[in-house]
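Student: Handing you this structure, nothing more for now.
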Amino acid sequence: MIETVAAEARGVADDLSPAEVLSAIRDRKAAEDRAAADQLVLAARWADLHPPESIHTAASFTVPGSQHEEPIAGEGAPLVAEFCVAELGTTLGITSTAAKKLIGHALELRHRLPRLWEQVHAGAVPAWRARAIADTTIHSTPPLTAEAAGFVDAQVAAVAGRVGSAQLDRLVAETIGRYDLATADPAADPEDGYLHVDPRHVTVDTDDVHYAGTLRIEAEVDIADALDLDRALAHHAATQAALGSLLPLDARRAKALGDLARTQTALDLAGAGGDADEPDLPVARAVVIHAHVDASFSGDTTVFGPTGRMENGQRLVLLEQIQSWCADSRTEVTIKPVIDLNTTLTAQTRKVPATIREQVILRDRTCVFPFCSRPARRCDIDHIIPWDDDAHAEGRPQPGPTTTSNLACLCRFHHRLKTHSPWRYEMTTPGVFAWTSPHGHRYRRDHTGTTDLEPLVRGESPAPPGIPRPRRR
């Protein structure tokens, strides 16, 4: 009875025939596609309402490994104010980066891929497929001019967006060659001008720790390098088996990759002969494991619980796994003291000491901005109430002391957002933060996630006193 009432409350009857179920779910999918298309229109409108003051205040993507930044959409699309993406993201319950991508895709489609944009709103191409195409044209290297993007648009629209990633890459590569875009780079080989963005990369997803204590590695390398690596892994896996390893082949290959990362010293083959004159090899692995394990005392002995929690990914980890990670030869193990999160720590300087920083990181775990998931160890430590450099000289109490109750982890973007925009927050209880957006919407953030305290209603809500509305064109 309870299940029936719940189903009917969601507008779904429990007596539908198979044909009616298929018809209903097709209608829901069509409605979902229409809503996604409308969301792109609204994201573009949000961008129109928030032009930047200058190119230096425009939203952009930072290119990993360099100081270079690229716009959120290609040449010919309007720029967008950097900090406006955060409020759109919190409204949608997504990260600021995801909101930036949504706005960029909307502008790319509307201004540089107009045929595809029209097909999305005609229902011929789903929004997710159009966004994937827009993402490729935005981040092409070398960048696509407006004319080149128009060529891609015409080709893709001709097949109603039904292209796979490989086909799209080939199309973009052809476009780069057709419009001689690569020759603009003096370091480029003219004969290789048809090549698309260099696909080589090695990505280690440190934020997603599997329950088994593993991380995913994805790579794309040169053919010769890939074949060499394959042979090296096969050789090391066979060596492990010859030395008595009972692990399955895939596990031995994975372990071999770690051995290669430590310059092959984990097998300690150099010292197998026992040569006293052989120089000591450097430490190959420095293990800094941020794992939290319950412990108790039995007399003078510390007794650890069998399980703990990995800081990255918030996943379960076994004590035996930690012991095995630290057991390989030439491994330097660093043990850091336990910090009591219930103790208030205070310093007399603006600079946050290492002990207080560690305490705040352990308490917050991630950036504390709504829906942000950037690990706390890659964040700044922010004074919630700003430190006043003149307070001591003027004989006034310090309004923003360096104390646990006035500090929080913010990633660099959201730290700048808090400093240079109307976003405001306070710590209501240790580790619990109340945020207020420029349009007065409130969010609660703690270690369990984000709660919208004022779900948005239809229509335009009034701006809080003292907070100007976005400029309109």
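The values are calculated or read from the model by the stated rules, or taken from the named source; none is laboratory data. The structure presented is a predicted model; accordingly, all values stated were derived computationally and were not measured. Using ideal geometry, Cβ is built from the backbone for each residue, glycine included, and neighbour counts are taken over all protein chains shown.
Student: Looking only at residues in segment 443-460 that are more than 25 Å from the chain's Cα centre (by Cα) and acidic (Asp, Glu), which one is modelled with the lowest pLDDT?
Tutor: Among residues in segment 443-460 that are more than 25 Å from the chain's Cα centre (by Cα) and acidic (Asp, Glu), the one modelled with the lowest pLDDT is Glu460.
Student: Same structure again: Kindly indicate whether Ala81 is under 19 Å from Trp423 (Cβ atoms), surrounded by fewer than 17 Cβ atoms within 10 Å (Cβ to Cβ) and in contact with a helix residue (DSSP H, G or I) (Cβ under 7 Å, 6 or more places away or on another chain). Before the answer, list the steps.
Tutor: Numbers: under 19 Å from Trp423 (Cβ atoms): yes; surrounded by fewer than 17 Cβ atoms within 10 Å (Cβ to Cβ): no; in contact with a helix residue (DSSP H, G or I) (Cβ under 7 Å, 6 or more places away or on another chain): yes.
Considered against the rule, which asks whether it is under 19 Å from Trp423 (Cβ atoms), surrounded by fewer than 17 Cβ atoms within 10 Å (Cβ to Cβ) and in contact with a helix residue (DSSP H, G or I) (Cβ under 7 Å, 6 or more places away or on another chain), Ala81 comes out as no.
Student: Which residues, taken from segment 395-440, are more than 25 Å from Asp340 (Cα to Cα) and among the charged types (D, E, K, R)?
Tutor: Within segment 395-440, Arg396, Arg412, Arg416, Lys418, Arg424 qualify.
Student: Do we have any residue at all in segment 133-147 that's of a type in the set (Asp, Glu), free of Cβ contacts under 8 Å to residues at least 40 places away in the same chain, closer than 22 Å to Ser165 by Cβ and not assigned by TED's automatic domain parsing to the domain that holds His441? Outline the logic, then answer.
Tutor: Within segment 133-147, the subset of a type in the set (Asp, Glu) is 135, 147.
Those still in the list that are free of Cβ contacts under 8 Å to residues at least 40 places away in the same chain too: 135, 147.
This time we only want the ones that are closer than 22 Å to Ser165 by Cβ, so: 135.
In the following step, the residues that additionally are not assigned by TED's automatic domain parsing to the domain that holds His441 were identified as 135.
So far as segment 133-147 goes, yes, one or more of its residues are of a type in the set (Asp, Glu), free of Cβ contacts under 8 Å to residues at least 40 places away in the same chain, closer than 22 Å to Ser165 by Cβ and not assigned by TED's automatic domain parsing to the domain that holds His441.
Student: Follow-up. Contact list please: Cβ distance under 9 Å, first residue in segment 337-364 and more than 15 Å from Asp382 (Cα to Cα), second residue acidic (Asp, Glu) and not in a loop (DSSP other than H, G, I, E, B), pairs at least six apart or on different chains.
Tutor: Ile339/Glu358
Student: Have a look at Ser405, Ser421 and point out the one that is touching a Pro at 6+ places or on another chain (Cβ under 8 Å), surrounded by fewer than 20 Cβ atoms within 10 Å (Cβ to Cβ) and farther than 19 Å from Cys84 by Cα.
Tutor: Working: Ser421 fails: farther than 19 Å from Cys84 by Cα.
Every option except Ser405 fails the conditions.
Student: Yes or no: segment 372-382 includes at least one residue that is surrounded by fewer than 17 Cβ atoms within 10 Å (Cβ to Cβ), among the basic types (Lys, Arg) and part of a loop (DSSP other than H, G, I, E, B).
Tutor: No - not one qualifying residue is present in segment 372-382.
Student: Right, next: Looking only at segment 332-349, filter to residues that are surrounded by fewer than 19 Cβ atoms within 10 Å (Cβ to Cβ) and within 29 Å of Thr450 (Cβ to Cβ); which one of those is modelled with the highest pLDDT? Working first, answer last.
Tutor: Keep residues of segment 332-349 that are surrounded by fewer than 19 Cβ atoms within 10 Å (Cβ to Cβ), which gives 332-344, 346-349.
Narrowing further to those that are within 29 Å of Thr450 (Cβ to Cβ): 338-344, 346.
Numbers: Val338: 66, Ile339: 74, Asp340: 75, Leu341: 78, Asn342: 80, Thr343: 86, Thr344: 89, Thr346: 93.
In this case the residue turns out to be Thr346.
Student: Continuing with this model, one more query. Go through segment 150-183 and give me each residue that's of a type outside the set (Val, Ile, Thr) and in contact with a Ser or Thr (Cβ under 6 Å, 6 or more places away or on another chain). Walk me through how you get there before you give the answer.
Tutor: Just the residues of segment 150-183 that are of a type outside the set (Val, Ile, Thr), to begin with: 150-151, 153-155, 157-158, 160-162, 164-171, 173-174, 177-182.
Within segment 150-183, Phe151, Leu168 qualify.
Student: Follow-up question, since we're still on this one. Tell me which residues, restricted to segment 151-168, are surrounded by fewer than 17 Cβ atoms within 10 Å (Cβ to Cβ), in contact (Cβ under 8 Å) with a residue 24 or more places away in the chain and part of a helix (DSSP H, G or I).
Tutor: If the condition is that a residue be surrounded by fewer than 17 Cβ atoms within 10 Å (Cβ to Cβ), in contact (Cβ under 8 Å) with a residue 24 or more places away in the chain and part of a helix (DSSP H, G or I), then Ala154, Ser165 are the ones that fit.
Student: Could I ask something else about it? Which residue is modelled with the lowest pLDDT, if the candidates are limited to segment 4-35 and must be of a type in the set (Asp, Glu) and outside any helix (DSSP H, G or I)? Quick ask: steps written out before the conclusion?
Tutor: As a first pass, look at segment 4-35 and keep what is of a type in the set (Asp, Glu): 8, 14-15, 20, 27, 32-33.
Retained after the next criterion (residues that are outside any helix (DSSP H, G or I)): 14-15.
Working: Asp14: 78, Asp15: 83.
By that ranking, first place goes to Asp14.
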